[in-house]
Amino acid sequence: MKKLLATISTFIIVMALYTTVYASEFQTVNITVAGESMHLENPAMLVDGHTLVPMHEFLVNLNPQIDVTFRNLEAEEGVYRAGMPVSFNGRPVVFHFAFMRDSAEFWDGVRMLTAPVATRYIDGTFYIPLSVVVEFMELSTGWDAETTTVDIREIPSHVTNNPTLQNQYEQYMRLNILTDYSTATIRQLTRAGYAQAEAIEIFERAIFDEINRVRADHGLTPVVWNQALANASRTHAEDMAINNMLSHTGSDGSTSSQRSQRHGGLDSVTEIAGTSGYTQTPQARVQSWMNSPAGHRRTVLSESREGVRVAGVGFAANENGSGRVAMKFGSLR
């Protein structure tokens with residue numbers, strides 16, 4: 001997000017330098033939807049051969065579900081954002097994109113792109129390139145030069161099943177530091193709308209991914225997720241959390257290998273464990289293991305002498321929110 005803010009900030013022009021633009025300077029454009037005229041109090045404009053539309057009014061008319069907001073960024077006016085509901089893994093989320101005043105640069109939720117024409121502030125209304133909206137929402141349009149009319153042949157009844165937007169949002173989730181799972185806590189995930197069980201699974205997987213990121217940094221091959229080891233790790237994490245202990249020996253005296261065997265896993269495994277909670281990030285948990293003198297680092301960075309290195313992660317917390325994490329490693333021949 002810091003990179004995003006820095007990038008956006010470079011395109012914000014100090015308001016005192018803005019010049020006033022009037023609608024009378026441009027030719028108006030008619031907008032129709034399936035042949036029916038779209039009523040806009042602020043009409044679309046033809047600017048440098050491209051159609052610009054009033055951002056708020058046009059998007060709301062196009063789809064009432066769209067939430068269009070004006071945002072002050074670092075005390076400078078000039079960033080305008082729109083959010084629309086999409087479906088990500090079956091869960092409704094809001095996908096955002098942002099435009100800068102008097103700039104062709106815009107943020108599509110994943111990266112900075114360049115529109116064919118800059119945005120304009122006309123008669124007190126913010127205008128954006130229609131072509132960006134058409135591409136973003138995958139609309140089908142036609143152009144009648146004689147009547148200066150853009151016809152939007154159809155509007156999706158909703159955008160929640162748009163596979164392109166789902167794919168873009170998945171990239172956004174991976175690239176945006178605020179929603180990067182390696183820096184997201186379970187509490188943040190639940191506040192963002194994830195169910196508790198789902199947030200815990202994301203947390204466990206993010207620890208696993210972070211382990212592989214660390215291994216890659218050391219030139220090692222990635223470990224492969226093993227569900228049996230994950231189940232055994234979750235069971236041990238629950239045991240440690242409930243009994244308020246941190247040990248590789250279970251409350252019933254079991255070893256890590258015995259717990260793996262109970263869940264249909266490998267006969268011989270190594271295990272790392274640690275304290276955790278709803279406010280710890282996966283990144284912090286892994287870093288703690290890497291800084292540990294107790295052999296955790298060696299386990300994380302170990303390679304299989306033969307076969308494929310596999311692993312599974314489990315998290316659990318007691319009623320007081322005190323949590324434990326366990327991760328088991330093994331080799332499949």
Checklist entry - Which residues, taken from region 52-74, are open to solvent by 20 Å² or more (accessible area, probe 1.4 Å), modelled with pLDDT of 65 or more and under 19 Å from Ser103 (Cβ atoms)? => result His56
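Looking only at helices (runs of 4 or more DSSP H) that lie completely in region 238-333, which have at least 1 residues being modelled with pLDDT under 90? Spell out how you get there, then give the answer.
Details: elements: 256-262, 282-290, 296-300.
Passing ranges, in order: 256-262.
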Next on the checklist: Looking for something free of Cβ contacts under 8 Å to residues at least 12 places away in the same chain and open to solvent by 30 Å² or more (accessible area, probe 1.4 Å) - is there at least one such residue anywhere in region 298-305?
Outcome noted: yes
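This table checks each residue for (1) buried (at least 16 other Cβ atoms within 10 Å of the Cβ); (2) among the aliphatic types (A, V, I, L, M).
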{"position": "Asp267", "(1), (2)": "no, no"}
{"position": "Gln283", "(1), (2)": "yes, no"}
{"position": "Ala294", "(1), (2)": "no, yes"}
{"position": "Ala316", "(1), (2)": "yes, yes"}
{"position": "Val325", "(1), (2)": "yes, yes"}
Item to check | Cβ pairs under 6 Å, 6+ apart, first in region 195-215 and within 23 Å of Ser302 (Cβ to Cβ), second among the charged types (D, E, K, R) and part of a helix (DSSP H, G or I) | outcome: Ile207/Arg285
Checklist entry - What do you reckon, is Ser257 out of contact with any helix residue (DSSP H, G or I) (no Cβ under 9 Å at 6 or more places or on another chain) and open to solvent by less than 30 Å² (accessible area, probe 1.4 Å)? => result yes
Next on the checklist: Where the second residue is among the hydrophobic types (A, V, I, L, M, F, W, C) and not in a loop (DSSP other than H, G, I, E, B) and the first is without any contact (Cβ under 8 Å) to a residue 12 or more places away in the chain and lies in region 38-61, which pairs have Cβ atoms under 7 Å and are six or more apart or on separate chains?
Outcome noted: Val60/Val68
Checklist entry - Among the residues of region 110-149, which ones are of a type in the set (S, T, N, Q), under 13 Å from Phe99 (Cβ atoms) and assigned to a loop (DSSP other than H, G, I, E, B)? => result Thr119
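The values are calculated or read from the model by the stated rules, or taken from the named source; none is laboratory data. Just so it is clear, the structure is predicted and the values come from calculations on it, not from any experiment. Ideal geometry is used to build each Cβ from the backbone, glycine not excepted, and the neighbour counts take in all protein chains shown. Heavy atoms of the whole protein, side chains included, go into the accessibility calculation; ligands, DNA and RNA do not. Shrake-Rupley method; radii C 1.70, N 1.55, O 1.52, S 1.80 Å.
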